[in-house]
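Derivation of every value follows stated rules applied to the coordinates shown; laboratory data play no part. Bear in mind the structure is a predicted one, so any value in this text is a computation, not a measurement. All Cβ positions, glycine included, derive from the backbone under ideal geometry; neighbour counts span all protein chains shown.
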Amino acid sequence: MDDLGATLLELVAGDVDQREEISGLVIYDPLDEPVLGPRSLVLGIGVDPSGDTLPRLLGALGDHDAVGLVVRAPVALTPQVRDAVARSGVALIGLRRGATWAQITALIRSMLAEGDIGEHEHESLGGLPSGDLFAVANAVAALLDAPITIEDRNSRVLAFSGRQDEADASRVETVIGRQVPERYATRLTELGVFRDLYRYQRPVVVTPQDLGYDGMTVQRVAIAVRAGDEILGSIWAAMDGDLDSERTNALLDASKLVALHLLRIRAGADVRRRLRADLMATVLEGGAGARDALARLGLSGRTLVIVSAALLTGDEHAWADHGRAAELERLADALSVHLSAAVPSAAVAAVGGTVYGLLPVIVATSSPEQRAVRLASDFVDRVGGSLPAIVAVAPAGPDIGGIVGGKAQADRVLRVMREGHTALRVARLDDVQTLALVLELRDLAAARGERPVGAIARLMEYDECNNAGLVQSLEAWLDALGDVGKAAAALFIHPNTLRYRLRRVAEVGEIDLEDPEQRFAAMLQLRILAPR
């Protein structure tokens, strides 16, 4: 469900968070007695999702210890079906509209085969190596007798076939740049080609006359690559002539084959990303499994510098949004590429709302984290235009205890930057220790229910009734170390106005601003107890 749910599957009812592994995939035949191994996943091809047979089938599958039943969506979740799912323990899953049983069968079987012991050969989909888009492109080109490209939704070239020299200058430029040139993409958008391509399940023809550019002399025929309702990309063939039924059917078959491989690539990437994140989380938490997780990351016995990164955002609740999660993945991938260029064995993964990196110390120096700071600063400068990143660096740790302590230190530094208490984009604890301590004192005071007392309490009460700005004026004056001109400029008021307010502060708050102890007490309360 994690790998395929967003595109192909939806959970209707039941528990899918079971620790037992799926043993195999079985296709249900209503005319034959089911022969199921324990922990089987059953594909209910032809089963009526709204009929009376569904509760009986769930009960029968429960007797055979099946883990789940997949039927065509939408599924009518009646009380009888819900009760049957609860009694049988069989999860009920819907196959989304537009997805084919061939797609789901091939993908699930390929995923189940990943952990087979003794599996040395590459798994295949449609007779081609799984995920090898260039092999797929050449196979499709042979079927169509024309050079093709496989592109994503943003017109980036994912793979291309041979025989590109038979096309034209436009195709050569596209293949060399691995991206459809902007002027062509803009013209295709203006002509409504992409709109028709993604709206209809038939090929779209673009002639050189339509495009109106000298670089395109060969007709293009394109078809969208779909998985259910989701558009994964498109296939573009450079071929002249009429689009007859034979070519149309060949393109439709090719789009289904390419969809399988694109889904497989994405599922494999998701599995690897999630595995790395799980291993990273285990290492950072410490505990019994941390040492084994560190070994699986290939970092056992190494001294490691902890690097943590996050996206600078004013809305902390935005982390739950899908768009922010996608940006966090982009940040993790970008940081991984950047650190791996300098230290190939570096490990990076997103854990929660933070990206963590473990950077092995290659050359023994007096301050290995200084090198990490330089790498982080270079990274922030490079991605600053597209990803507003902030990075914290913690000292090197020689063991699990040092890694856990470094993670806690990096989190402290990152919190200071996230909440906007410093303008630094890359920092160590040495740079922000006082600010971190103030934040922790605030947490402690909030947990105890502490409130401002004495002079600050009186000033806050007076401001609330008279909107006099006395607390703000005192705070600016203290921050400016008693410099009236500087404090007045920060408040955008005249220095004489500030002097009058300070006299009112002394009168209302009953505070002696000449007394350093009283000034310190006021500053401490303003920093820790009063909202800034």
Treating only Lys and Arg (+1) and Asp and Glu (-1) as charged, each at its beta carbon, one finds that the stretch 402-532 has a dipole about its Cα centre, in Debye to the nearest 20, of 480 debye
Need one number: % antiparallel among DSSP beta bridges in the chain, to the nearest 5. 75 percent
Can you compute the helix-only [θ] at 222 nm over the chain? Use -39500 (n - 2.57) per DSSP H run of at least 4 residues, normalise by all residues, nearest 500 deg cm²/dmol. -15500 deg cm²/dmol
In the stretch 9-115, with Lys and Arg counted as +1 and Asp and Glu as -1 at Cβ, which of these residues, SER23, VAL71, PRO55, has the Cα nearest the positive end of the dipole, that is, farthest along it? VAL71
Please give the charge dipole size of the chain, origin at the Cα centre, charges +1 on K and R Cβ atoms and -1 on D and E Cβ atoms. Round to the nearest 20 debye. 1140 debye
Fraction of beta bridges assigned by DSSP in the stretch 286-446 that are antiparallel (%, nearest 5): 90 percent
Protection proxy ranking of 350-359, 467-476 - average other beta-carbon atoms within 10 Å, highest first: 350-359, 467-476
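Average projected area of the Cα convex hull of the chain, in nm²?
Seen from a random direction, the Cα hull of the chain projects 36.5 nm² on average.
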Give me the percent relative contact order of the chain, please, defined on Cα pairs under 8 angstrom at least 6 residues apart. 8 percent
About its Cα centre, the stretch 454-528 carries a charge dipole, from +1 on Lys and Arg Cβ atoms and -1 on Asp and Glu Cβ atoms, whose size in debye to the nearest 20 is 260 debye
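Listed highest first by mean packing, meaning other Cβ atoms within 10 Å per residue, what order do 300-307, 523-530 come in? Intermediate results must be reported in sequence, preceding the final value.
Details: 300-307: 20.1, 523-530: 17.4.
Final packing ranking: 300-307, 523-530.
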What do you get for the angle between helix 368-383 and the principal long axis of the chain? Use alpha-carbon atoms, 0 to 90 degrees, nearest ten. 70 degrees
Can you give the angle from 0 to 90° between the axis of helix 400-418 and the longest principal axis of the chain, with both taken from C-alpha atoms, to the nearest 10? 70 degrees
Based on the mean of other beta carbon atoms within 10 Å per residue, what is the order of 210-217, 169-176, most packed first? 169-176, 210-217
For the stretch 200-250, shape from the Cα gyration tensor axes a ≥ b ≥ c, cut at a/c of 1.5 then a/b versus b/c, turns out oblate
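What does DSSP give for the stretch 9-115 in terms of the percent of beta bridges that are antiparallel, rounded to the nearest 5?
25 percent
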What residue among ILE528, LEU481, PHE492 has its Cα farthest toward the positive end of the dipole of the stretch 454-528, where the charges are +1 on Lys, Arg and -1 on Asp, Glu, each on the Cβ? PHE492
Please work out whether the stretch 472-518 counts as rounded, prolate or oblate from its C-alpha gyration tensor, where a ≥ b ≥ c are the square roots of the eigenvalues and a/c under 1.5 means rounded, while otherwise a/b larger than b/c means prolate and anything else oblate? oblate
Using modelled backbone amide H atoms (1.01 Å from N, in-plane), which distant-in-sequence or interchain residues come within less than 5 Å of GLY469's amide H? none
Toward the positive end of the charge dipole of the stretch 182-275, about the Cα centre and with charges on Cβ (Lys, Arg +1; Asp, Glu -1), which of ALA259, LEU191, ALA222 goes farthest? ALA259
Can you tell me the 0 to 90 degree angle between the C-alpha axis of helix 101-112 and the longest principal axis of the chain, rounded to 10? 60 degrees
